[in-house]
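Note sheet for the following structure.
Quick note: the coordinates plus some simple rules give every number you see, no bench work behind them. Values in this document were obtained by computation on a predicted structure and should not be read as measured data. Quick reminder, even Gly has a Cβ in these numbers, built from the backbone with ideal geometry, and neighbours come from all protein chains shown.
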Amino acid sequence: MTIFNNYARYYDLLYRDKDYNAEAEFIDRLIQAQAPNTSTILELGCGTGNHALLLAEKGYFVRGVDLSDRMLACAQERSDRAEPELAARLQFSQGDLREVRLDLKFDAIVSLFHVISYQTTNKDLLAAFETAKTHLKPGGIFIFDVWYGPAVLSDPPVVRIKRLEDRSIQVTRIAEPIMYPNENLVDVNYQVFIKDKDSGAIDELTETHRMRYLFRTELELLLSQLQMYIIEDGEWLTHHQPGLNTWGVYFIVGN
């Protein structure tokens, strides 16, 4: 997922309307309901560290792993600006979630913002799940969210344009999807235009994010190969039963 290096600088601006506080609260409730003794969390695909910081504020010790060194630099800057007591509960390192081995065990593992949907082959999915299995303490839980297959097929993605700005730059992002229904894949082709407000100069980034939409039955089959099982699933942020209009679904997995 080195594609994220191309716009790590603009990532937080692009997703500033994302309610990280609500998501951290939701994850905390899930953890407290299923594994209330949790004190340590591994976040696979931590990005710029927004979730990690908020979970650390709730008292967890969080180890974040991400493939992008530029994303991690943003996460580390966020930690460095935090109070020392809070920063002491955060640690970030570079690694591919399909391969990373930390020689540590955690009470809970989270992989958020559809990171698992970026694992587009069965081999990649199994490797990511094996990483979680390897780092999870007995009785621990693994929480992740995905693009949910029934909803993607019943309400296919469409072209979207997003415009936003801060004091220095204006950003326009165009997302054009192409679906591959026989492979359960969507290519989201991005054009990102970044205008410097002072100079008027415009930079353009182009990239493709390949996403896999997933179904509960295939996840059950893949997880069973590692002696893991689904404890709970539901609509992201609501707990509602997943359905044909539920694009984002979370899964809680036990070992």
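Observations
- Region 101-206 - Kirkwood radius from inverse mean 1/r over Cα pairs (Å): 16.9
- Summing Lys and Arg as +1 and Asp and Glu as -1 over all other residues whose Cβ lies under 12 Å from the Cβ of Leu86 gives a net charge of 0.
- Assuming charge only on the beta carbon of Lys and Arg (+1) and of Asp and Glu (-1), the dipole of the chain about its Cα centre is about 100 debye to the nearest 20.
- Here the 3J(HN,Hα) profile of region 156-164, calculated from phi with Karplus coefficients 6.51, -1.76 and 1.60 at θ = phi - 60°, is x, x, 10, 5, 10, 10, 10, 10, 7 Hz, Gly and Pro shown as x.
- When only alpha carbons of region 151-212 are considered, Rg and Dmax amount to 14.7, 47 Å.
- Our summary gives the chain a relative contact order of 17 percent, counting only alpha carbon pairs under 8 angstrom and 6 or more residues apart.
- Net charge contributed by nearby residues that have their C-beta within less than 13 Å of Val188 (K/R +1, D/E -1): +2
- Over region 36-143: Kirkwood hydrodynamic radius from C-alpha pairwise inverse distances, Å: 13.8
- Expressed per residue, the C-alpha convex hull volume of the chain stands at 121 Å³.
- Within region 123-202, GluC sites (Glu not before Pro) in DSSP loop having at most 15 other beta-carbon neighbours inside 10 Å: Glu183
- Pairs of lysines in the chain whose Cα atoms sit within less than 17 Å of one another amount to 5, provided the residues are eight or more positions apart or on different chains.
- Overall form of region 25-98 per C-alpha gyration tensor (a/c, 1.5; a/b vs b/c): oblate
- Packing-based ranking, highest mean first, of 237-246, 137-146, 26-35 given that Cβ atoms within 10 Å are counted: 137-146, 26-35, 237-246
- Candidates per trypsin sites (Lys or Arg not before Pro) in region 98-190, loop by DSSP, up to 14 other Cβ within 10 Å: Arg101, Lys105, Arg167
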